[in-house]
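First comes the structure, then the notes that go with it.
The values are calculated or read from the model by the stated rules, or taken from the named source; none is laboratory data. Just so it is clear, the model here is predicted, and its values are computed rather than measured. Glycine also receives a Cβ, built like all others from the backbone with ideal geometry; neighbour counts cover every protein chain displayed. Surface areas here come from the heavy atoms of the whole protein model, side chains and all, with no ligands, DNA or RNA. Shrake-Rupley method; radii C 1.70, N 1.55, O 1.52, S 1.80 Å.
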Amino acid sequence: MKKLIVLMLSILVFTGCKASKDTISLTNGLVIENARIISPETHVISSESYIVIENDNIVYIGDNKPSLKGTFKKVEANGKYIIPGLIDSHVHITGVDALSDKEQIENKEIVEKFREQLPKSYLYFGYTTLIDLGTANPSRLSEFKNITIKPDLYYVGGGAVIGNGYGLSNWNDDIPNFIYQESEAYPIPKKYKKENHSPEAVVKRIAESGAIAVKTYYEPGFDPTTAPFPTPSESLMLELKTEAHKNNLILVVHGNSLEAHKFLAKTKVDIVAHGLWNWGNYRLDSTENIPQEIQETLDVEIQNNTGYMPTLQVINGLKELTNSEFLNNKELEHVLPKELIEYYKTNADEMYANVFGDAPQNIISRNFNRISNQGKVTLKYIHDNKGKVLFGTDTPSSPTYGNPPGYNGYLEMLEMQKTGIPLDKILAYATIENAKAFKLDGLYGTVEKGKKANLLILNKNPLEDITAYNNISSIIIRGRLIHRDLLSAVKSKK
Ligand SMILES: [Zn+2]
């Protein structure tokens, strides 16, 4: 009997302790009630769950209502779906879509409005984490960091372009992290010292800049009538990879042709920043079968577990230059200042001519449809054979109005669905798969305790309907709940 009393007492003490321990104290909390959480890893929808956020972290998730004290806001999410914020792992936040440096100087007001809207546009379409994979200008990066409401931004510390190669159009530009390729032996401006441009020196600088990856390029060029750009040698690429890994950085390489993908498959880089849509001498035949050589290249990438960013919108965005009707699309009003849309409308013909010269629109349109299909066929192959697909848009990829911030991600998702990628996979590619590939899965990618409170509250189930990504009720960024309408360019003018 005595024993039993002791036992009962200890249970009482224990449960008493447990109750007080389970009370969550909040100072700047957000509590989401009755949430239906979709986990991109298991695709399970848990119903009527509670999510508790303190500052910018998720501190509790569970089916039981937690006991709470302190200061917090409550959100009722009955009938809604909660997913992790989306990650676009290939963007460029530096420029103003399609405006040249000269045009930016001449149109300061438009540029200012665009830059103010840009972070909101990404959030408007649910992109709460961005990875800038370009030669982002440091002053633009710090300008972006100073904005209050914005997606979390990661970068590659300025592209490690190949000396005299693609991306280094002009030695007068400041390209602090170009890589000097001894075998090419070319003059470089006096201000640079060769020894500061070895893979080792460049990667060290990139790592010290706070970057999460090294970005380089394999691009002989797009115009067969001009001499090809120098491309990295195999030993240079392997050295870059060794240096990147030594510094705990991911090696991401631009490449979209058969030649590039073959090289990058052989050198086993971590991530190829574009799909294989340039099939070289092969053309998409009527049965849409992949030519043997391309299939073999993709097989090696699958075997290597290379990250594959389809970036389908690169080709589609360029193709939109043949269709100025695109500028009447109502969605653009949410993501671009109306002055910029007007500017595009006025200059649409000139923008076309700048890219395609006097080539007839119908031919350009037909060619780009073919290339776009090639990109889809290779993506489908990678997906069907369990390759590692990563969601990246390359926004904006070229001087076109066809890659608007945020909306371009939604268009990429629509294209992926048209390709035959199932909805659960599109969600995983744009969340947990991207997070894992860039070693950010401790922070993002799932709705889990301990992760950053970057979440989307959707009105529809994204596992049933792709348009759920354009039917967002609210965005939670770093624990801050923002109604979607407040992020629209239409609303923010009021
Ligand atoms: Zn890019």
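Tell me the residue from 213, 185 that is in the same structural domain as residue 130 (by TED's automatic domain parsing) and over 30 Å from residue 104 (Cα atoms), please. Even if it seems obvious, please write down each step before you answer.
Numbers: 213 fails: over 30 Å from residue 104 (Cα atoms).
None of the other options fit; the residue is 185.
Residue 276 fails exactly one of the following numbered conditions: (1) surrounded by 14 or more Cβ atoms within 10 Å (Cβ to Cβ); (2) assigned to a helix (DSSP H, G or I). What is the number of that condition?
So residue 276 meets the others, but not (2).
Being farther than 28 Å from residue 481 by Cα and either within 16 Å of the ligand (Cβ to nearest atom) or buried (at least 24 other Cβ atoms within 10 Å of the Cβ) (or both), is that true of even one residue in segment 144-156? Before you say what the answer is, go through the steps one by one.
Within segment 144-156, the subset farther than 28 Å from residue 481 by Cα is 156.
Subset that is either within 16 Å of the ligand (Cβ to nearest atom) or buried (at least 24 other Cβ atoms within 10 Å of the Cβ) (or both): 156.
Within segment 144-156, one or more residues are farther than 28 Å from residue 481 by Cα and either within 16 Å of the ligand (Cβ to nearest atom) or buried (at least 24 other Cβ atoms within 10 Å of the Cβ) (or both).
Scan segment 89-114 for residues that are within 16 Å of the ligand (Cβ to nearest atom), modelled with pLDDT under 90 and open to solvent by 10 Å² or more (accessible area, probe 1.4 Å) and jot them down.
From segment 89-114, those within 16 Å of the ligand (Cβ to nearest atom) are 89-98; that's our starting set.
Next, only the ones that are modelled with pLDDT under 90 stay: 94-98.
If the condition is that a residue be within 16 Å of the ligand (Cβ to nearest atom), modelled with pLDDT under 90 and open to solvent by 10 Å² or more (accessible area, probe 1.4 Å), then 94, 95, 98 are the ones that fit.
Condition first: away from the ligand (no atom under 16 Å from the Cβ) and modelled with pLDDT under 95. Can you find one or more residues in segment 302-312 that meet it? Break it down stepwise before answering.
Taking segment 302-312 as the starting set, the residues that turn out to be away from the ligand (no atom under 16 Å from the Cβ) are 302-306.
Going one step further and asking which of them are modelled with pLDDT under 95, we end up with none.
Checked segment 302-312: no residue is away from the ligand (no atom under 16 Å from the Cβ) and modelled with pLDDT under 95.
Take residue 465 and tell me if it is farther than 22 Å from residue 58 by Cβ, charged (D, E, K, R) and either open to solvent by less than 10 Å² (accessible area, probe 1.4 Å) or assigned by TED's automatic domain parsing to the domain that holds residue 337 (or both).
Numbers: farther than 22 Å from residue 58 by Cβ: yes; charged (D, E, K, R): yes; either open to solvent by less than 10 Å² (accessible area, probe 1.4 Å) or assigned by TED's automatic domain parsing to the domain that holds residue 337 (or both): no.
In short, no.
Show me the strands (runs of 3 or more DSSP E) found entirely inside segment 1-88 where at least 2 residues are open to solvent by less than 70 Å² (accessible area, probe 1.4 Å), over 30 Å from residue 310 (Cα atoms) and modelled with pLDDT of 95 or more.
Numbers: elements: 24-38, 45-54, 57-62, 68-76, 81-84.
Fully inside segment 1-88 and qualifying: 24-38, 45-54, 57-62, 68-76.
May I ask you to list the residues in segment 199-225 that are open to solvent by less than 80 Å² (accessible area, probe 1.4 Å), of a type in the set (S, T, N, Q) and over 14 Å from residue 175 (Cα atoms)?
209
For the structure I just gave you, tell me whether residue 100 is within 24 Å of residue 209 (Cα to Cα) and out of contact with any strand residue (DSSP E or B) (no Cβ under 9 Å at 6 or more places or on another chain). Give the derivation first.
Numbers: within 24 Å of residue 209 (Cα to Cα): no; out of contact with any strand residue (DSSP E or B) (no Cβ under 9 Å at 6 or more places or on another chain): yes.
In short, no.
Which residues, counting only those in segment 410-442, are in a loop (DSSP other than H, G, I, E, B) and either touching a residue at least 60 places away in the same chain (Cβ under 8 Å) or open to solvent by less than 10 Å² (accessible area, probe 1.4 Å) (or both)? Give the derivation first.
Filtering segment 410-442 for residues in a loop (DSSP other than H, G, I, E, B) gives 420-422, 438-442.
Residues satisfying the conditions are 421, 438, 439, 440.
Would you call residue 392 part of a helix (DSSP H, G or I) and either within 16 Å of the ligand (Cβ to nearest atom) or open to solvent by 10 Å² or more (accessible area, probe 1.4 Å) (or both)?
Values: part of a helix (DSSP H, G or I): no; either within 16 Å of the ligand (Cβ to nearest atom) or open to solvent by 10 Å² or more (accessible area, probe 1.4 Å) (or both): yes.
So residue 392 fails the test.
With the structure loaded, tell me whether residue 356 is touching a strand residue (DSSP E or B) at 6+ places or on another chain (Cβ under 8 Å) and open to solvent by less than 40 Å² (accessible area, probe 1.4 Å) or whether it fails that test.
On the way: touching a strand residue (DSSP E or B) at 6+ places or on another chain (Cβ under 8 Å): no; open to solvent by less than 40 Å² (accessible area, probe 1.4 Å): yes.
No: the conditions fail for residue 356.
Do we have residue 236 as open to solvent by 10 Å² or more (accessible area, probe 1.4 Å) and closer than 21 Å to residue 388 by Cα here?
Working: open to solvent by 10 Å² or more (accessible area, probe 1.4 Å): yes; closer than 21 Å to residue 388 by Cα: no.
So residue 236 does not fit the description; no.
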